[in-house]
Amino acid sequence: MAGAARSVTIVGGGLGGALMAVFLGRAGYRVTLFERRPDPRQGGAGRGRSINLAISTRGLAALERAGLDKAVLDVAVRMRGRMLHAIDGTLTFQPYGHEEHHVIHSVSRAGLNRLLVEAAEALPGVEVRFGHRCVDVDLEHGLCVFAEAASGATKSVAADFVIGADGAYSEVRQALQKTDRFEYAQSYLKHGYKELVIPPADGGGFRMERDALHIWPRGGFMMIALPNVDGSYTCTCFWPFEGANSFSSLAARGEVRAFFERVFPDAVPMMPMLEEDFLLNPVGSLVTVRCSPWRWKDKAVLLGDAAHAIVPFYGQGANAAFEDCIVLDECLRAFGEDAQHAFEEYELRRKRHADALAELAVGNFLEMRDKTASRTFRLAKKAEKLLARLFPGRFVPLYYMVTFSRTPYADAVRRARSQWRAVAAAAGGLLAAAVLALVAYIAGR
């Protein structure tokens with residue numbers, strides 16, 4: 001290919017950066033992937049920092065292109081729906097869909113990251129360097145400066161272009177922010193997150209329904225749990241930072257246990273390390289990032305959280321980053337050595353959909369936290385599934401389009417609104433016809 005000898009620096013060895021290294025390595029580029037953290041295969045990934053991933057259709061499509069989908073599914077747990085835990089112990093199951101393929105897959109973030117890094121390292125044109133933090137970016141010359149964790153020494157690395165896959169606090173994006181007319185906005189939820197663990201049952205196996213994402217919705221805050229193949233569950237508390245029912249309100253072991261026994265009573269017997277995990281694990285923040293443009297000439301481009309960080313409540317963060325990789329790979333292949341036009345086309349195809357997803361993610365937080373326990377909400381979801389069965393292909397719920405298809409996010413939102421307008425119009429027409437029939441019947445008596 002025309003770009004076979006071109007060099008690329010990827011800043012950030014997380015999910016998107018590692019997968020992009022695989023795509024570019026297979027396309028013949030010379031790729032150097034830099035990650036600030038130490039090699040996860042040589043130590044822990046950091047205590048309590050990994051919200052489990054919910055990989056669905058978009059993510060699987062990218063992994064299939066990399067030849068990694070089967071390896072990922074082998075270490076994933078299928079989730080068919082949400083299992084809601086009421087305070088009194090009542091369980092309510094809400095299926096994600098009505099067909100066999102309407103499932104999502106719970107995957108360990110750290111495990112998937114290791115798999116992607118190893119796939120990248122196996123390619124002859126790819127080099128991975130851990131313990132290198134990007135401290136400066138010269139956009140004009142495609143040059144990045146890295147500080148080595150072990151020695152503190154800095155080194156400059158030049159490449160034909162740079163890919164910023166370095167997360168919500170991207171150093172590459174900060175360089176773009178210094179350019180003229182760059183637009184940037186970030187917003188934080190008043191809620192943070194803390195990770196806890198439900199270990200496997202004695203003798204192995206799962207302590208709860210394994211094929212479900214478990215939710216303890218409590219109105220204003222919640223806890224979730226995603227299953228792992230070893231029988232454990234990765235739990236995440238999404239609570240306010242301050243005020244009632246907040247992280248700041250619990251500072252002692254006794255306070256933690258008393259709170260959980262009152263608010264999440266059925267979970268407490270399954271969490272033998274509850275107090276230790278809660279007091280030792282950090283609280284993370286939840287940020288939404290929007291920016292434009294995602295690129296600088298033919299020298300730099302952003303993907304994943306660096307371009308469009310979102311909160312995790314639609315389960316689409318990793319899926320969207322992986323879809324970025326698909327589209328960027330397609331654009332680079334289509335435009336050959338014309339990287340500038342490739343980057344422009346990539347942003348044109350992705351930007352508005354990333355913005356739409358950001359809104360969906362915040363909205364789904366309110367749904368999971370406040371609405372899932374509502375009988376009215378459950379009836380509405382059942383009606384939505386019924387319409388999908390009665391009018392297959394004509395009425396497709398928004399969640400189906402986002403999770404079980406590759407319909408671009410903004411297009412899915414637009415179609416969902418259009419469908420509900422049609423349903424409302426049809427219902428109005430039926431009501432009008434019924435009223436006219438009743439009037440005619442009365443008049444004819």
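The values are calculated or read from the model by the stated rules, or taken from the named source; none is laboratory data. Given the structure is predicted, the values throughout are model-derived calculations rather than measurements. Counting neighbours? That spans all protein chains shown, and the Cβs are built from the backbone with ideal geometry, glycine included. Quick note on the areas: whole protein, heavy atoms, side chains included, nothing else; ligands and nucleic acids left out. Shrake-Rupley method; radii C 1.70, N 1.55, O 1.52, S 1.80 Å.
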Residues satisfying the stated conditions in the stretch 87-104, i.e. surrounded by 19 or more Cβ atoms within 10 Å (Cβ to Cβ) and assigned to a strand (DSSP E or B): 104
Filtered residue count, the stretch 105-131, keeping only those that are open to solvent by 70 Å² or more (accessible area, probe 1.4 Å) and under 18 Å from residue 77 (Cβ atoms): 2
Test set (1) touching a Cys at 6+ places or on another chain (Cβ under 9 Å); (2) open to solvent by less than 50 Å² (accessible area, probe 1.4 Å); (3) of a type outside the set (Asp, Glu) - residue 82 fails condition number: (1)
Residue 291 over 12 Å from the mean Cα position of the chain (by Cα) and more than 21 Å from residue 53 (Cβ to Cβ): yes
Residue in the stretch 29-50 that is open to solvent by 20 Å² or more (accessible area, probe 1.4 Å), at pLDDT below 95, under 23 Å from residue 368 (Cα atoms) and assigned to a loop (DSSP other than H, G, I, E, B) present: yes
Criterion violated by residue 197 - all others in (1) out of contact with any helix residue (DSSP H, G or I) (no Cβ under 7 Å at 6 or more places or on another chain); (2) under 30 Å from residue 270 (Cα atoms) satisfied: (1)
Number of the condition not met by residue 167 [criteria: (1) touching a residue at least 60 places away in the same chain (Cβ under 8 Å); (2) farther than 30 Å from residue 125 by Cα; (3) open to solvent by less than 60 Å² (accessible area, probe 1.4 Å); (4) part of a loop (DSSP other than H, G, I, E, B)]: (2)
Hits in the stretch 86-106 (condition: within 19 Å of residue 228 (Cα to Cα) and out of contact with any Gly (no Cβ under 9 Å at 6 or more places or on another chain)): 106
Strands (runs of 3 or more DSSP E) completely within the stretch 181-256 that count 1 or more residues being acidic (Asp, Glu) and more than 18 Å from residue 107 (Cα to Cα): 183-198
